[in-house]
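> Can you keep this structure in mind? I'll have questions shortly.
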Amino acid sequence: MTPALLYGLSGALLVAIGLTGAIASRSLVRRILGFNVLGSGAFVIIIAFARRVAGPVPDPVSHALVLTGIVVTVSATAVALALAVRLGDEEDGRHE
Amino acid sequence: MNGVAIIDVLLAAAVPVLAAAALLYRDLFRAAVVFIVLGLTIALVWVRLDAPDIALAEAAVGAGITGALFMRALGALPGPTRSAHPVRSSRFQRLAVRGAAGVFAGIVAALVAWAVVTVPSSDPVLTSLVRDAAPDSGVGNPVTAVLLNFRGYDTLLEVGVLLLAALGVSTIGAHRHAASLGGTRVRGPVILAFAHLVLPGLIVLAAYLLWTGADLPGGAFQGAAVLAGAWLICAFAGFPADVAPGRMPAVLAGGFCIFLLVAAGMVLLNGGLLRFMPATAKWWMLLIESGLLVSCAAILATLVFRLTDDDRPEAGR
């Protein structure tokens, strides 16, 4: 058992938990939270794989990919949350 | 890499537990707090996996900015449950859904874990390519070299995605104010003292992260997230942090435009999109990163500020 494998398995659990949260939650905000957890799991697996290569330093290409991924995730999360807030507004207006 | 240390076991166990807690807490505000803790814990995982650049980005963007986004959205959502789709269901139905979700999670976890265990560690073709070309990249940090030199167009488009998100959030969010970052004041002496204490340090830290990113962990995006945090604190403390509405588009798009101009200039100078010469690469990349630092900070701050209105009557919580 290497640390890379250990964290890879941890990332696999994150993917499963996040995907389930994104599908099974009732609240839109919780679904977006689940989507973020799913993304984090994917990132953990990618970086665990990057550490598995032979040599003193891990694979920098995977690191750059994940760095880009984190920034794109925050962009998508912001737009999704804006939509969720706006949807909450619309539903409020309908019930009044 | 050495063997498995106790800290690795603890971190690897804590991460799924925190994730499950974030998704199971009934109170969404608590869930968001646990999510921020999860982000910081994953930042420690990056450190253990020798990925300090990602650890910085995760702590600043993944935990910090995303956490602020969730807090702001929750403050704006109506109702005690803050649920957008209230559905009536019996106790049995809820149990059935929970059970099915549990089985589903188990199957997905088993499949992905099987993939993690069985995928063979392949020969790192890209790693050796980067190592061979690194001396010509102009920077010593291989991650920065990949981000801004070898795969610069990825980063160019990434900034485009950020810009689109700022545009989208500004369009979707219902505002009465023009493109304004003001009006988010938090009252009280604590925030003022806190702002006086941390603001100078945060601004120096952002510049330091940008400069050191050339050779050590750091970079424009990590610095931008820190600068965005400073911007938010400024606005919350009531300091004049606002940019004139007419200038805001220029601040938001400036980094992307500089990046695009440099990319086009390299076609004329060196005959390829973002193809740098080893002697001058460092300075072109520094120019791009300086633009990105300011623009990405403005974009991240805009994402948080423009997510919702501040003077909404129903948001008084």
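> Answer yes or no: is there a residue in the stretch B:255-267 that is farther than 22 Å from B:VAL139 by Cβ and touching a helix residue (DSSP H, G or I) at 6+ places or on another chain (Cβ under 9 Å).
Yes: the stretch B:255-267 contains one or more residues that are farther than 22 Å from B:VAL139 by Cβ and touching a helix residue (DSSP H, G or I) at 6+ places or on another chain (Cβ under 9 Å).
> Any residue at all in the stretch B:196-209 that's at pLDDT below 90 and aliphatic (A, V, I, L, M)?
No, because not a single residue in the stretch B:196-209 is at pLDDT below 90 and aliphatic (A, V, I, L, M).
> Still on this structure, I have one more. Report yes if B:ASP242 is in contact (Cβ under 8 Å) with a residue 12 or more places away in the chain, in a loop (DSSP other than H, G, I, E, B) and within 14 Å of chain A (Cβ to nearest Cβ), otherwise no.
No; evaluated as a whole, the condition is false for this residue.
> Mind checking which residues of the stretch B:226-242 are of a type outside the set (Gly, Ala, Ser) and closer than 10 Å to B:ILE203 by Cα?
B:VAL226, B:LEU227, B:TRP231
> Do you know which residues across the stretch B:210-222 are buried (at least 20 other Cβ atoms within 10 Å of the Cβ) and either without any contact (Cβ under 8 Å) to a residue 12 or more places away in the chain or more than 17 Å from A:HIS63 (Cα to Cα) (or both)?
If the condition is that a residue be buried (at least 20 other Cβ atoms within 10 Å of the Cβ) and either without any contact (Cβ under 8 Å) to a residue 12 or more places away in the chain or more than 17 Å from A:HIS63 (Cα to Cα) (or both), then B:LEU210 is the only one that fits.
> Residues being within 8 Å of another protein chain (Cβ to nearest Cβ), part of a helix (DSSP H, G or I) and hydrophobic (A, V, I, L, M, F, W, C): count how many of those fall in the stretch B:6-64.
20
> So, one more: Inside the stretch A:8-44, can you point out the residues that are under 8 Å from the mean Cα position of the chain (by Cα) and more than 7 Å from chain B (Cβ to nearest Cβ)?
Of everything in the stretch A:8-44, those that are under 8 Å from the mean Cα position of the chain (by Cα) and more than 7 Å from chain B (Cβ to nearest Cβ) turn out to be A:PHE35, A:LEU38, A:GLY39, A:GLY41, A:ALA42, A:PHE43.
> Going by the structure shown, is B:VAL159 within 25 Å of A:ILE45 (Cα to Cα), of a type in the set (Val, Ile, Thr), in contact with a helix residue (DSSP H, G or I) (Cβ under 8 Å, 6 or more places away or on another chain) and modelled with pLDDT of 85 or more?
So B:VAL159 passes the test.
> Residue by residue through the stretch B:117-147, note down the ones that are of a type outside the set (A, V, I, L, M), in a loop (DSSP other than H, G, I, E, B) and surrounded by 15 or more Cβ atoms within 10 Å (Cβ to Cβ).
Across the stretch B:117-147, the qualifying residues are B:PRO124, B:SER137, B:GLY138, B:ASN141.
> Just to verify a result, which residue in the stretch B:260-273, among those that are over 17 Å from B:ALA214 (Cβ atoms) and touching a residue at least 24 places away in the same chain (Cβ under 8 Å), is surrounded by the fewest Cβ atoms within 10 Å (Cβ to Cβ)?
Filtering first and then ranking leaves B:LEU273.
> A further question follows. Give the residue that is surrounded by the fewest Cβ atoms within 10 Å (Cβ to Cβ), with candidates limited to residues of the stretch B:42-96 that are among the β-branched types (Val, Ile, Thr) and modelled with pLDDT under 85.
It comes out as B:VAL87.
> Out of the residues in the stretch B:146-156 that are more than 7 Å from chain A (Cβ to nearest Cβ) and modelled with pLDDT under 90, state the one that is farthest from B:LEU252 (Cα to Cα).
Looking at residues that are more than 7 Å from chain A (Cβ to nearest Cβ) and modelled with pLDDT under 90, I get B:PHE150.
For every residue, the table says whether it meets (1) surrounded by fewer than 24 Cβ atoms within 10 Å (Cβ to Cβ); (2) in contact with a Ser or Thr (Cβ under 8 Å, 6 or more places away or on another chain); (3) of a type in the set (Val, Ile, Thr).
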residue: A:GLY8; (1), (2), (3): no, no, no
residue: A:ALA12; (1), (2), (3): no, no, no
residue: A:ILE23; (1), (2), (3): yes, no, yes
residue: A:LEU38; (1), (2), (3): yes, no, no
residue: A:ALA42; (1), (2), (3): yes, no, no
residue: A:PHE49; (1), (2), (3): yes, yes, no
residue: A:ARG52; (1), (2), (3): yes, yes, no
residue: A:SER62; (1), (2), (3): no, no, no
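> Now, a different point. Regarding the stretch A:69-80, can at least one residue be identified that is over 14 Å from the mean Cα position of the chain (by Cα), touching a residue at least 24 places away in the same chain (Cβ under 8 Å) and facing another protein chain (nearest Cβ under 7 Å)?
Taking every residue of the stretch A:69-80 in turn, none turns out to be over 14 Å from the mean Cα position of the chain (by Cα), touching a residue at least 24 places away in the same chain (Cβ under 8 Å) and facing another protein chain (nearest Cβ under 7 Å).
Condition check ((1) closer than 27 Å to B:ASN141 by Cβ; (2) surrounded by fewer than 24 Cβ atoms within 10 Å (Cβ to Cβ); (3) modelled with pLDDT under 85; (4) over 25 Å from the mean Cα position of the chain (by Cα)) across all residues:
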site: B:ALA279; (1), (2), (3), (4): yes, yes, yes, yes
site: B:CYS296; (1), (2), (3), (4): yes, no, no, no
site: B:ASP311; (1), (2), (3), (4): no, yes, yes, yes
site: B:GLU314; (1), (2), (3), (4): no, yes, yes, yes
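> With respect to the numbered conditions (1) within 17 Å of B:LEU157 (Cα to Cα); (2) in contact with a Ser or Thr (Cβ under 7 Å, 6 or more places away or on another chain); (3) surrounded by fewer than 24 Cβ atoms within 10 Å (Cβ to Cβ), which one is the sole condition not fulfilled by B:GLY255?
With (1) within 17 Å of B:LEU157 (Cα to Cα); (2) in contact with a Ser or Thr (Cβ under 7 Å, 6 or more places away or on another chain); (3) surrounded by fewer than 24 Cβ atoms within 10 Å (Cβ to Cβ) applied to B:GLY255, the lone miss is (3).
The values are calculated or read from the model by the stated rules, or taken from the named source; none is laboratory data. Since the structure is predicted, the reported quantities are computational estimates derived from the model, not experimental observations. No Cβ is skipped: glycine too gets one built from the backbone with ideal geometry, and neighbour counts run over all protein chains shown.
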